[in-house]
Amino acid sequence: MRIAIIGGGATGALAAIHLSRRLAGRAEVVVVEPRETIGRGLAYSTDDPRHLLNVRVSNMSAFPDQPQHLHDWLAEHGGAPCPTPFCFISRGRYGDYVSALAREALASGAVHHRRDVCVDVVEAPDTVALRLAAGGGIAADHVILAMGNDARPAVGGFPAEQPWAPGSLDGIEREAPILIIGSGLTMADMVLSLDRRGHRGPIVVVSRRGLLPTAHRLSPARALAADEIPFGAELSQLVAWLRRLAARVVAEGADWRSAVDALRPHTQRLWRAMTPDQKRRFLRHGRVWWDVHRHRMAPEIEGAIGRLIRAGRVRLIAGRVASVAQGDAGLEVRILRRGARAPETAAFARVIDCAGLAEDPLKSSNPLLQALFARGALRPDALGIGLDVAETYRIVGAGGAPSQRIRAIGPLARAAFWECIAIPDIRLQCRDVAEAIADALGRKAEAPAA
């Protein structure tokens, strides 16, 4: 059996690692990735030590059944000290960890790296044919789509800098005014990178609500049974229930974070239990509040960003960017503040788009997704924020039938599962997909000969 994984960032690497362990000696795993190495992708390629994970080491092991694995690896391989599993390491160091595991899998011979770009995947009843940009192809029994995220569209017709693109922060003068769109975790990384490079000019951060992520605190873990959760309830009822839960947890001497964290194992089921209308209302009204409480900063990042805000070097604005145009003084940006009737105009040397993932998959620049959409082998979800993916991670075609051999995991499956883009969720997907393919292989071996 041969399994092809399209994409060699952290998601693709973890999928390959889990498959090589689960199917040792029974399958060949091929990772199609144009980069020289696999395991880092954009997210974990940063060399800035101030870019910290927003999840503690204790929850970032590659293997959900071995929570100490990352902490033990750090202790064995040295580097920045991590005295307890509750510390936050740099994202670059985490990239070292995943790429090291990938190298071990490659060295074992169970995983192979094909440096190329996959431009099409054609499924037949008994095989899947991959077409590669450099010519030739690969025949596989199963395919896993694990590509990263597309760049967001241009802002007001003017392409903003993408935060992780090479050179996105190059050539910025020390006192140059900078505009960052989005006030989440990526914004914090960009601000700290600018500061580390010696930038001392004003940084304006614009987001719809002007909210920063909250920060992690040590808080006692709390288990939440499924029968305690009102799955399928109206969105307003869910919000009221979560507020009561947080109040109860606080009254018991814990922290609201304990309530939010207790909900994490159930968030995918909550999302899938919502109607399309409930999901739309959540995306419009509830998403930002969930994100700032759920996707939290490391305490060190909170302290650094707070100091820059108090010093007046970073200013938050609740509103949106109405337009961006090239002017004599730089980029002329019209910003409409929340509640204002008329926009204000300011000039910036650089605009950096940290507003999050590109959402409309039909606008993807990825040639593989374009080919699958054009042939009807893939369709967007009803909300237009991702791919239509069945519960077993199988992609769904234009006719509504799930594929038998092609699966999508990580950010590509966000529309189906919502919370599936962080490592604690991705590692579970990789484990589940490995189990599903192993089961399929077992059934095939047990089937009587024709």
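The values are calculated or read from the model by the stated rules, or taken from the named source; none is laboratory data. Fair warning: this is a prediction, and the values are worked out from it, not measured in the lab. Please note: Cβ atoms are built from the backbone with ideal geometry, for glycine as well, and neighbour counts cover all protein chains shown.
Below, the figures for the structure above:
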read-out	value
Test result for residue 78, free of Cβ contacts under 8 Å to residues at least 60 places away in the same chain and surrounded by 18 or more Cβ atoms within 10 Å (Cβ to Cβ)	no
Residue list for the range 254-277, restricted to those being in contact (Cβ under 8 Å) with a residue 24 or more places away in the chain, of a type outside the set (D, E, K, R) and over 19 Å from residue 292 (Cβ atoms)	254, 265, 266, 268, 273, 274, 276
Tally, over the range 126-143, of residues that are touching a residue at least 60 places away in the same chain (Cβ under 8 Å) and not in a strand (DSSP E or B)	2
Given (1) more than 30 Å from residue 134 (Cβ to Cβ); (2) buried (at least 19 other Cβ atoms within 10 Å of the Cβ); (3) acidic (Asp, Glu), index of the condition residue 48 fails	(2)
Hits in the range 1-55 (condition: among the β-branched types (Val, Ile, Thr) and assigned to a loop (DSSP other than H, G, I, E, B))	37, 38, 46, 55
Close pairs (7 angstrom Cβ cut-off, 6 or more residues apart or separate chains): basic (Lys, Arg) in the range 32-49, in a loop (DSSP other than H, G, I, E, B) anywhere	35/8; 40/9
Which numbered condition residue 58 fails, given (1) surrounded by fewer than 21 Cβ atoms within 10 Å (Cβ to Cβ); (2) hydroxyl-bearing (Ser, Thr, Tyr); (3) assigned to a loop (DSSP other than H, G, I, E, B)	(3)
Among the candidates 357, 368, 383, 378, residue that is crowded, with 22+ Cβ neighbours inside 10 Å and in contact (Cβ under 8 Å) with a residue 60 or more places away in the chain	368
Among the candidates 96, 120, residue that is part of a helix (DSSP H, G or I), touching a helix residue (DSSP H, G or I) at 6+ places or on another chain (Cβ under 9 Å) and surrounded by fewer than 20 Cβ atoms within 10 Å (Cβ to Cβ)	96
Hits in the range 56-78 (condition: among the small types (Gly, Ala, Ser) and more than 22 Å from the chain's Cα centre (by Cα))	75, 78
Matching helices (runs of 4 or more DSSP H) fully within the range 243-352 where at least 1 residues are under 16 Å from residue 216 (Cα atoms)	256-263, 287-294, 299-310
Unmet requirement for residue 99, which otherwise passes all of (1) over 29 Å from residue 194 (Cβ atoms); (2) modelled with pLDDT of 95 or more	(1)
Candidates 191, 204, 249, filtered to the one that is in contact (Cβ under 8 Å) with a residue 12 or more places away in the chain, aliphatic (A, V, I, L, M) and farther than 17 Å from residue 354 by Cα	249
Residues of the range 130-176 satisfying the condition of being modelled with pLDDT under 95, acidic (Asp, Glu) and surrounded by 14 or more Cβ atoms within 10 Å (Cβ to Cβ)	150, 161
Tally, over the range 321-345, of residues that are closer than 12 Å to residue 204 by Cα and out of contact with any Asp or Glu (no Cβ under 8 Å at 6 or more places or on another chain)	2
